[in-house]
Every structure is written in C-alpha cells, then in structure tokens.
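Since the structure comes first, as structure tokens, the remarks are kept for the end.
The values are calculated or read from the model by the stated rules, or taken from the named source; none is laboratory data. Since this is a predicted model, take the numbers as computed values, not measurements. Neighbour counts are summed over all protein chains in view; Cβ atoms, including those assigned to glycine, are modelled from backbone coordinates with ideal geometry.
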Amino acid sequence: MSIERLVIRGFRNLASVELAPSPGVNCLHGDNGAGKTSVVEAIHLLARGRSFRSAQITPVIRHGSDSLRVVARLQRGTTLGIERSRDQWRGRIDGRDCQRLSEFAAALPLVLIEPDSHRLVDEGPERRRQYLDWQLFHVEHDYLQSWQRYSRLLRQRNAAMKAGAEDRTVRALEAPMALAADVINQLRQNQVARLRRAMSQLGGELSFRLPGEIQLSYRSGHPQGMALVEAWDQQRASDRERGFTQRGPHRADLRLTCGGHPAAMELSRGQQKLLAVSLLLAKLAILGESASAPTVLLLDDPVSELDTQHLAELLDWLPAQAFQTWITTTAQPAQAFTLFHVEHGQVI
C-alpha cells in the first residue's frame, strides 16, 4: 500500500506537480535548490499538518500564491487533501471535511529521515519522547486517549498550584492523573521492548557498524521503585515554588547507551547519525507490522546522513522492503529506482 498519485500546488519553488509514483522506491534527483526536498516536505505536511523545515506556514507558500494545496490518492483508494493559507487551513478525507490532524496522521503513517535526524540521539529527552509517542499513536489505540487525559490533568495541576490551591484539591487531580500515567508508562515500556527486537532484526539485515552494543531503556520521569503519587507528594512544595510539575511521564526519556555509556557522549557525529537512522528504520518496521494504513519512508538527502558504504548498503536493501520510499539526491543512483528529475521547480 502506498501513494499512487500526488498533486502539489503553490508549494515553495515548485511549479504545479502531478506524480504517479511507484509503490517501491522513488528517487527525486537534481541540483541543490531544484525543489527535491519540497516534494517530500509536501508529503510530510499532508500527513502531519506541518513542515519539518519551517515552524511557520508563510515561507512554505509559493511567492505570488495565496495558499498551497497537497492531495494524495492512496493505493487502497483513500484520498487525502489539505489546503493551507497564511491564516487558515482546510482538510478533506475521501470528500468529507476533516479538521482533525490526527486523522491525516493515522491515514498516512510516515517516517522521516533528514539531515537533522541525529538530534534524536544528541538532544534532550523531548525529541525521544516524541519518537516513542508517534509510534504508539499508530500502534496502540488506547495511547492517545490516555495521553490526552494525562496532559489535561497535568495542566489543571499546574494551574491549581500557581493559584495556591489547597493540597487536597491538588491530590484530587493526582489520583486520576496517576492512572493515566501508569497506562502511558506501561505502553512506552512495551514499545521500547519492541524497538529492541526490531533493532536486533535490522542489525541482521543491515550491518551498520557502531563501536559498541546499543542499549535502549525507558526512564519513566520519576524515581524507580516509588509510586508516582508518592513522588508528587514529595515534590509538591518544590512544584508550587516553580509553578510546574517536575515528575511524571511528561519528563520521561528513552535512554540510549553504547557500551554502557551515554550514546550522545560516546559516539561521533557520524555514528550518532547512523544510530538515528537505525532507530527510525526500526520504527518503520514496527509501523509496518502494526499500523492500519500504508507506511511511507521519506529519506531526504541521505548522503548527509550516511557514508558511502552504509548508504550503498541501505539503497540496496530498500527495494526488497514492503513500504514505499521517497529519496532525494543530487546524483542519479545506480539502483533501478523510479526516477523523477527535478530542475528549477519542475518535476519530470
């Protein structure tokens, strides 16, 4: 299952684009600045409602256009469409208006590997929580509801402490909040176990070389062996002083170590990129097994992520995989991919 038709209008430097990609590997090749990344950015915008290159929509809309539009027909027959202006957006799924970005994300699960992917390893816990949470959104139906409930109660707890509410009022929020947190932590723990298995299997297919064994572990955001309500009770005075909740799954982390040492400190930048690619491909494998919709890999400028040997190994591996892939590159690859040449915003 894959994107079988893609239409892009009013997007960055691209002219009007209409593509009929293959269900396998599609390669967008051309000079820097030609518009290759804009094509994969448009797919990302359709699935996630936002660009991975800009926090604002204005730079994404083509100069002289009032809005952008991206439409994709999936192989199973579903059609997704999104239109964005500078201050409004409209979404449609199979002809019906849809304002919920979560429905677009569920319909088109994707994994993005791009030049900043190493931040998954060397930045703070928030990016790794998002990495786990997006997987769980697609593969665990109870996760989104538990996370939304926890987040709502967290905001209420923070507001109550800032307002000087009595402890009994705060505790009344903490009881249901802890129940939602338990679900979140358990599902994340299970997902990390799945990631370990996926990473191990991937290691047997792609011989990505790192200087030591990679370990993945989940830190729940409060002291091990202590109930969360106890941790909040212990921390409440400090939370009141700071005005926010310091412990809980919103402060959790996916801990990455190499040979027992933090991966961010132990690995070079190139090795961090290799680990990030491995983690994202493992995520892709899990989505392919569990997600209810076709899975797409967006591989933007892999030359900046991988050295020549590792890149060649990855490109040789991709055609045998069940997911659809979109690759951007300046040089036409040796593999027999479906090719689209991009030049001055034109995609041929």
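A few points about this structure:
- Candidates Leu110, Leu14, Leu74 - the one that is crowded, with 21+ Cβ neighbours inside 10 Å, within 21 Å of the chain's Cα centre (by Cα) and closer than 27 Å to Gln346 by Cβ: Leu110
- Looking at segment 123-220, the helices (runs of 4 or more DSSP H) lying wholly inside it that each contain 3 or more residues that are among the small types (Gly, Ala, Ser) sit at 141-162, 167-205.
- From Ala20, Ala15, Ala34, residue being in contact with a strand residue (DSSP E or B) (Cβ under 7 Å, 6 or more places away or on another chain), within 14 Å of Arg73 (Cβ to Cβ), of a type outside the set (Phe, Trp, Tyr) and outside the structural domain of Trp134 (by TED's automatic domain parsing): Ala20
- Residue satisfying condition, being surrounded by 16 or more Cβ atoms within 10 Å (Cβ to Cβ) and in contact (Cβ under 8 Å) with a residue 40 or more places away in the chain, within set Glu174, Glu213, Glu205: Glu174
- Any hit, segment 294-308, residues being more than 17 Å from the chain's Cα centre (by Cα), hydrophobic (A, V, I, L, M, F, W, C), loosely packed, with under 15 Cβ neighbours inside 10 Å and not in a helix (DSSP H, G or I): no
- Residue in segment 82-106 that is farthest from Thr295 (Cα to Cα), counting only those that are of a type in the set (Gly, Ala, Ser) and touching a Ser or Thr at 6+ places or on another chain (Cβ under 8 Å): Ser85
- Residue count for segment 157-210 satisfying the condition of being of a type in the set (Lys, Arg) and more than 30 Å from Pro319 (Cα to Cα): 5.
- Answer from Arg128, Arg100, Arg157, Arg149 - the residue that is at pLDDT 95 or above and surrounded by fewer than 20 Cβ atoms within 10 Å (Cβ to Cβ): Arg149
- Filter pass, Gly260 being at pLDDT below 95, loosely packed, with under 14 Cβ neighbours inside 10 Å and in contact with a strand residue (DSSP E or B) (Cβ under 8 Å, 6 or more places away or on another chain): yes
- Any hit, segment 270-291, residues being surrounded by fewer than 16 Cβ atoms within 10 Å (Cβ to Cβ) and either within 19 Å of the chain's Cα centre (by Cα) or closer than 25 Å to Gln148 by Cα (or both): yes
- Among the residues of segment 276-331, those that are within 21 Å of Leu108 (Cα to Cα) and among the acidic types (Asp, Glu) comprise Glu289, Asp300.
- Selection count where residues are in a loop (DSSP other than H, G, I, E, B), closer than 16 Å to Asp87 by Cα and in contact with a helix residue (DSSP H, G or I) (Cβ under 8 Å, 6 or more places away or on another chain), scope segment 51-66: 2
- Test: residue in segment 270-282 that is free of Cβ contacts under 8 Å to residues at least 24 places away in the same chain and more than 28 Å from Asp182 (Cα to Cα): no
- Residue ID - farthest from Gln135 (Cα to Cα), chosen from residues in segment 87-107 that are touching a strand residue (DSSP E or B) at 6+ places or on another chain (Cβ under 7 Å) and part of a loop (DSSP other than H, G, I, E, B): Asp94
- Matching residues in segment 323-337 - criterion: being in contact with an Asp or Glu (Cβ under 8 Å, 6 or more places away or on another chain), in a loop (DSSP other than H, G, I, E, B) and either at pLDDT 95 or above or over 24 Å from Gln75 (Cβ atoms) (or both): Thr330
- Qualifying residue in segment 162-183 (condition: charged (D, E, K, R), farther than 30 Å from Glu266 by Cβ and under 19 Å from the mean Cα position of the chain (by Cα)): no
- Selection count where residues are touching a residue at least 40 places away in the same chain (Cβ under 8 Å) and among the polar types (S, T, N, Q), scope segment 148-171: 2
- In segment 237-257, the residue that is surrounded by the fewest Cβ atoms within 10 Å (Cβ to Cβ) out of those that are under 19 Å from Phe208 (Cβ atoms) and hydrophobic (A, V, I, L, M, F, W, C) is Leu254.
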